[in-house]
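Colleague: Have a look at this one.
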Amino acid sequence: MLSEKEQIEFLGKKPPACNKSTLEKLMMNFQQISRNIDDLDQDLNQLAKRLDYLEESITEHYTLVQPQKQEIKKKRRTANLIKRDFQCPYEKCDKIYGTDISLNLHIRLKHNGGSKIEREELAKKILEAKFQDEADPKHSFNLPPNFIEDFYIHHQEYINNLEKTYNKRILL
């Protein structure tokens, strides 16, 4: 606690004399200020809780709305790493591909050979016509060389069913 001399130096003058009523007023003011501080402290705590809630809500909303992290792209093989086993069957075409899908796309686009499914359906119709001794069905496809023969060899189950149905064999 400060001495009277230190108080005078601190305040710059002698403090006023206090009577009982002045002390009571000061005490009431002090109590009121204390209550106000408590109220403000409670308000501050409530605001802090609201702020936490809002931050969580924003974080949850942002997580729901934010697009998911993009998947890392698969690295493509370079041309020298692709094993090329699928050669174009057409004469004077020396294209070689790494997948049968690429070869079939080449046949369809460059040789008017139709899709693989269209070629197989046509081969079935041609073979069925041969079993029925009919003329080959008309088509606008440029079938690969030996396609019907290869189909005959690789689809024996289908050929066996035709042989049973028509009770005869055909030679290509």
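Nothing in this text is a laboratory measurement; each read-out follows from the coordinates by a stated rule. Just so it is clear, the structure is predicted and the values come from calculations on it, not from any experiment. Ideal geometry is used to build each Cβ from the backbone, glycine not excepted, and the neighbour counts take in all protein chains shown.
Colleague: State, as an integer percentage, the relative contact order of region 107-172 based on alpha-carbon contacts under 8 Å between residues 6 or more apart.
Modeller: That works out to 33 percent.
Colleague: Would you mind finding the longest exposed-site-free stretch of the chain, with exposed GluC sites (Glu not before Pro) meaning DSSP loop and at most 15 other Cβ atoms within 10 Å?
Modeller: Longest site-free region, per DSSP loop and neighbour criteria: 1-70.
Colleague: If I model a spin label at N146 and R50 as a point 7 Å from the Cα along the Cα→Cβ vector, what separation in nanometres do I get?
Modeller: 8.5
Colleague: Which whole-number percentage describes the relative contact order of the chain, with Cα contacts under 8 Å and a sequence gap of 6 or more?
Modeller: 11
Colleague: On to the next question. First measure r as the distance between the Cβ atoms of H139 and N80, then evaluate 1/(1 + (r/R0)^6) with R0 = 35 Å and state the FRET efficiency to the nearest 0.05.
Modeller: Efficiency, rounded to the nearest 0.05: 0.35.
Colleague: How long are the three semi-axes of the equivalent ellipsoid for region 40-172, computed from the Cα gyration tensor as the root of 5 times each eigenvalue, in whole Å, largest first?
Modeller: The three semi-axes for region 40-172 are 65, 22, 13 Å.
Colleague: Between region 79-100 and region 31-53, how many Å separate their Cα centres?
Modeller: Here the answer is 78 Å between Cα centres.
Colleague: Moving on to the next point. Using the Cα centre as the reference, give the magnitude of the dipole from point charges on the C-beta atoms of the chain (Lys, Arg: +1; Asp, Glu: -1; all else neutral), rounded to the nearest 20 debye.
Modeller: About 700 debye.
Colleague: Okay, next question. Counting only helical runs of four or more DSSP H residues, what would the 222 nm mean residue ellipticity of the chain come to if each run contributes -39,500 (n - 2.57) and the total is spread over all its residues?
Modeller: About -19500 deg cm²/dmol.
Colleague: A follow-up question, please. Would you mind getting me the FRET efficiency between Q156 and D94? Use the beta-carbon distance for r and R0 = 35 Å, nearest 0.05.
Modeller: 0.70
Colleague: For every other residue with a beta carbon closer than 10 angstrom to the beta carbon of G98, add +1 if it is Lys or Arg and -1 if Asp or Glu, then tell me the sum.
Modeller: Details: positive: R77, K83, R84; negative: D85, D100.
Here the charged neighbours net out to +1.
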